[in-house]
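Below you'll find the structure, written out as structure tokens, and then a few comments.
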Amino acid sequence: MKNKKSSWGWFWQSVTGILLILLVGLHMIAHHFVAEGGIRDFQQVIAYLSNPIIILTELAFLISVTVHAMLGMRSILFDLGLSPQWERVVTYGVVVIGGLTVLYGFWLTYAILAQGSAPTAFLFR
Amino acid sequence: MNLYRPELKRFRFLRWFDFRSWRLGMLAYILNRVTAIGLVVYLYLHLAVLFLLAQGPSGWDPFIQIARTPWFLMLDVILLAGLLIHGLNGLRVALTGFGYGVRSQKPLFIALMIFAAIVLAVGVFKMFMG
């Protein structure tokens, strides 16, 4: 029987997981199967990211994958049979690492767009 | 055998390596956890490599030559296998968690893994031949 604390984690793990099946599928097809030679060069990446819908999809992917990964790592670490204090440390730890990961992803997206003078760079200003 | 006894809470992960409990359900659970750890490692490697894009064409374009080598493509095959196993097995876990297909978990798992193998075969063909 799941307790209340693990239920919210499980719920969001499932929601982001289902979302990720669509987003990972889209990401893999768009980046590695549609792109010529399986990978885009810099100018092709900038052209691809010049579409605001693509940017929003990639950012949704970043947030979903980070939340899913952090909840998953939390769940695996909880399997070590941690004390309640250590479980709290792990929960705060994944929140901090997840937050930093999303911030890095947003910064990286902006840095790439700015580097290539993409018209969609304005979305971050 | 009830694997969720409270006295087994500490070091529950040791069950992953207990071959005696490797029935289909346990195998699915282990596959989910092992692929999860692999995919998280890959996620951070991927985010680190994408930093090259922030350096412009001089940073990114030389990497493309490496990414198109057969050895690198083999890593992509492992990634695709991990994504398919984790994603489809995870879909089964989510569905059963919401109360769908609880009684047909085993055939569902087998069907999803067969589907994963087919998609992987198509993906490998596309990577190396397409």
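Mind listing the phi-derived Karplus ³J(HN,Hα) values for the stretch A:93-106, rounded to whole Hz, using 6.51, -1.76 and 1.60 with θ = phi - 60°, and x for any glycine or proline?
x, 5, 5, 5, 5, x, x, 5, 5, 5, 4, 4, x, 5
Could you run the Karplus curve 6.51 cos²θ - 1.76 cosθ + 1.60 with θ = phi - 60° over the stretch B:39-51 and give me ³J(HN,Hα) per residue in whole Hz, x for Gly and Pro?
5, 5, 4, 4, 3, 6, 5, 4, 5, 5, 5, 5, 4
How many angstrom lie between the C-alpha centres of the stretch A:4-43 and the stretch B:26-63?
Going from one Cα centre to the other spans 12 Å.
Between residue A:44 and residue A:8, how high is the FRET efficiency from 1/(1 + (r/R0)^6) when r is the Cβ-Cβ distance and R₀ = 45 Å? Nearest 0.05. Before the final figure, lay out each step's value.
Values: r = 41 Å, r/R0 = 0.90.
Efficiency, rounded to the nearest 0.05: 0.65.
About its Cα centre, what dipole magnitude does the protein assembly as shown give when the only charges are +1 on Lys and Arg Cβ and -1 on Asp and Glu Cβ, stated in debye to the nearest 20? Each step should come with its number before you reach the end.
On the way: 20 positive and 9 negative charges, 259 e Å.
The dipole of the protein assembly as shown has a size of about 1240 debye.
Could I have the simple spin-label model distance between residue A:15 and residue A:88, label points 7 Å from Cα toward Cβ, reported in nm to one decimal?
2.6
In the protein assembly as shown, how does Rg compare with the Kirkwood Rh, expressed as the Rg/Rh ratio over alpha carbon atoms? Could you put the intermediate results ahead of the total?
Working: Rg = 19.9 Å, Rh = 20.0 Å.
Rg divided by Rh gives 0.99.
So for the stretch B:6-129, what are the equivalent ellipsoid semi-axes in whole Å, largest first, each being the square root of 5 times an eigenvalue of the Cα gyration tensor? Present the calculation step by step, with values, prior to reporting the outcome.
On the way: eigenvalues 230, 71, 35 Å².
Listed largest to smallest, the semi-axes of the stretch B:6-129 are 34, 19, 13 Å.
Given R₀ = 45 Å, what would the calculated FRET efficiency be for residue B:51 paired with residue B:121, taking r from the Cβ atoms and rounding to 0.05? Mind showing how you got there, number by number?
On the way: r = 33 Å, r/R0 = 0.73.
Approximately 0.85, to the nearest 0.05.
Given Cβ point charges of +1 (Lys, Arg) and -1 (Asp, Glu) and nothing else, what value in debye, to the nearest 20, does the dipole of the stretch B:6-129 about its Cα centre take?
In total the dipole reaches around 660 debye.
Choose one of A:61, A:80, A:32: the residue whose Cα lies farthest towards the positive end of the charge dipole of chain A (beta-carbon charges +1 Lys, Arg; -1 Asp, Glu; about the Cα centre).
Positive-most Cα among the choices belongs to A:80.
Pop out the ³J(HN,Hα) list for the stretch B:58-64 in order, Karplus 6.51 cos²θ - 1.76 cosθ + 1.60 with θ = phi - 60°, rounded to Hz; leave Gly and Pro as x.
Karplus-based 3J(HN,Hα) across the stretch B:58-64 equals 5, x, 8, 4, x, 5, 4 Hz.
Output the direction-averaged projected area (hull surface divided by four) of the convex hull of the alpha-carbon atoms of chain A, in nm².
On the way: hull surface 37.0 nm².
Across all orientations, chain A yields a mean hull projection of 9.2 nm².
Under unit Cβ charges (Lys, Arg +1; Asp, Glu -1), what dipole magnitude, rounded to 20 debye, does the stretch A:4-124 have relative to its Cα centre?
Working: 5 positive and 5 negative charges, 84 e Å.
Here the stretch A:4-124 has a charge dipole of around 400 debye.
Here, each number is a calculation from the coordinates, and none is a lab measurement. In this text the structure is predicted, and so the values were computed from the model without any measurement. So basically every Cβ, Gly included, is an ideal-geometry build from the backbone, and we count neighbours across all protein chains shown.
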